[in-house]
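Engineer: Provided herewith is a single structure, encoded as structure tokens, for subsequent inquiry.
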Amino acid sequence: MAYDDQNIFAKILRGDIPCTKLYEDEFALAFPDINPQRQIHILVIPKGPYLSLEDFGANASTEEITGFYRAVSKIVQENGLSENGFRAIANTGDHGGQEVPHFHVHLLGGEPAGKMVS
Ligand code: AMP
């Protein structure tokens, strides 16, 4: 599957659709999920055009991968998720329930995440 630059997160990255920026650097952007599933629900996306966690790990540069995961840790710390913990989810493909075909990590916290799979 080819990357579709009309996906909603690509539009957010281009500034065509607004978001509330919680964090931004050269490699990553973070913003609240529009439909939060827990008290804190943050999406972290890489700046590059990667479809999924699988695509990112296989095809992104070492610099992009390091930069992205360093950003994830900063976002965790800056949003108070370190002390009580959080859940990180990367839905991938049809069986993973991925709706937006641009790699993203959900960070869920502020309350217990509950069972891993319902
Ligand atoms: P996934 O099912 O993992 O692809 O999740 C996509 C997520 O993007 C969902 O949790 C949506 O609520 C969220 N979402 C869709 N559009 C927006 C938007 N414009 N701003 C913030 N979050 C969004």
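The values are calculated or read from the model by the stated rules, or taken from the named source; none is laboratory data. Quick caveat, the model's predicted, so the values are computed rather than measured. Neighbour counts run over all protein chains shown; Cβ positions are idealised from the backbone, glycine included. With ligands, DNA and RNA removed, areas are computed over all heavy atoms of the protein, side chains included. Shrake-Rupley method; radii C 1.70, N 1.55, O 1.52, S 1.80 Å.
Engineer: Taking interchain pairs and intrachain pairs at least six residues apart, which have beta carbon atoms under 9 angstrom, with the first residue in the range 58-74 and closer than 12 Å to Ala30 by Cβ and among the hydrophobic types (A, V, I, L, M, F, W, C) and the second open to solvent by less than 70 Å² (accessible area, probe 1.4 Å) and part of a helix (DSSP H, G or I)?
Structural biologist: Pairs that qualify, where the first residue is closer than 12 Å to Ala30 by Cβ and among the hydrophobic types (A, V, I, L, M, F, W, C) and the partner is open to solvent by less than 70 Å² (accessible area, probe 1.4 Å) and part of a helix (DSSP H, G or I), are Phe68/Phe56.
Engineer: Any residue in the range 9-33 that's closer than 18 Å to His106 by Cα and touching a residue at least 12 places away in the same chain (Cβ under 8 Å): show its pairings with residues that are of a type in the set (Ser, Thr, Tyr) and within 13 Å of the ligand (Cβ to nearest atom) at Cβ separation under 9 Å, as long as the two are six or more apart or on different chains.
Structural biologist: The qualifying pairs are Phe31/Thr20; Pro32/Thr20.
Engineer: I want to confirm something. Restricting to the range 75-100 and keeping residues that are of a type in the set (Asp, Glu) and either over 15 Å from the mean Cα position of the chain (by Cα) or more than 27 Å from Tyr3 (Cβ to Cβ) (or both), which single residue is nearest to the ligand (Cβ to nearest atom)?
Structural biologist: Kept after step one, since they are of a type in the set (Asp, Glu), are these residues of the range 75-100: 78, 83, 94, 99.
Filter again for either over 15 Å from the mean Cα position of the chain (by Cα) or more than 27 Å from Tyr3 (Cβ to Cβ) (or both), leaving 78, 83, 94.
Numbers: Glu78: 18, Glu83: 24, Asp94: 11 Å.
Ranking the qualifying residues of the range 75-100, first place goes to Asp94.
Engineer: Suppose we filter the range 20-49 for residues that are assigned to a loop (DSSP other than H, G, I, E, B) and within 13 Å of the ligand (Cβ to nearest atom); how many remain?
Structural biologist: First, the residues of the range 20-49 that are assigned to a loop (DSSP other than H, G, I, E, B): 20-22, 25-27, 33-39, 47-49.
Filter again for within 13 Å of the ligand (Cβ to nearest atom), leaving 20-22, 33-38.
Residues that pass the stated criteria total 9.
Engineer: When you look at Tyr23, is it of a type in the set (Phe, Trp, Tyr) and open to solvent by 40 Å² or more (accessible area, probe 1.4 Å), yes or no? Steps first, answer last, please.
Structural biologist: Numbers: of a type in the set (Phe, Trp, Tyr): yes; open to solvent by 40 Å² or more (accessible area, probe 1.4 Å): no.
For Tyr23, the condition - of a type in the set (Phe, Trp, Tyr) and open to solvent by 40 Å² or more (accessible area, probe 1.4 Å) - is not met.
Engineer: Also, I was wondering about something else. Tally up the residues in the range 32-68 that are of a type outside the set (Val, Ile, Thr) and surrounded by fewer than 16 Cβ atoms within 10 Å (Cβ to Cβ), please.
Structural biologist: Filtering the range 32-68 down to residues of a type outside the set (Val, Ile, Thr) leaves 32-33, 35-39, 41, 43, 46-61, 63-64, 67-68.
Checking which are surrounded by fewer than 16 Cβ atoms within 10 Å (Cβ to Cβ) leaves us with 32-33, 35-37, 39, 54, 57-59, 61, 63.
Here the count works out to 12.
Engineer: Moving on. Which of the residues belonging to the range 1-19 are part of a loop (DSSP other than H, G, I, E, B), open to solvent by 30 Å² or more (accessible area, probe 1.4 Å) and near the ligand (Cβ under 10 Å from one of its atoms)?
Structural biologist: Quick first cut of the range 1-19, residues part of a loop (DSSP other than H, G, I, E, B) only: 1-7, 15-19.
Next cut, open to solvent by 30 Å² or more (accessible area, probe 1.4 Å) only: 1-6, 15-19.
Listed by number, the residues that qualify are Ile17, Pro18, Cys19.
Engineer: Still on this structure: Kindly provide the set of residues from the range 27-47 that are in contact with a helix residue (DSSP H, G or I) (Cβ under 6 Å, 6 or more places away or on another chain) and not aromatic (Phe, Trp, Tyr), ordered by number.
Structural biologist: Here is the first cut: in the range 27-47, the residues in contact with a helix residue (DSSP H, G or I) (Cβ under 6 Å, 6 or more places away or on another chain) are 27-28, 30, 44-46.
Residues satisfying the conditions are Ala28, Ala30, Val44, Ile45, Pro46.
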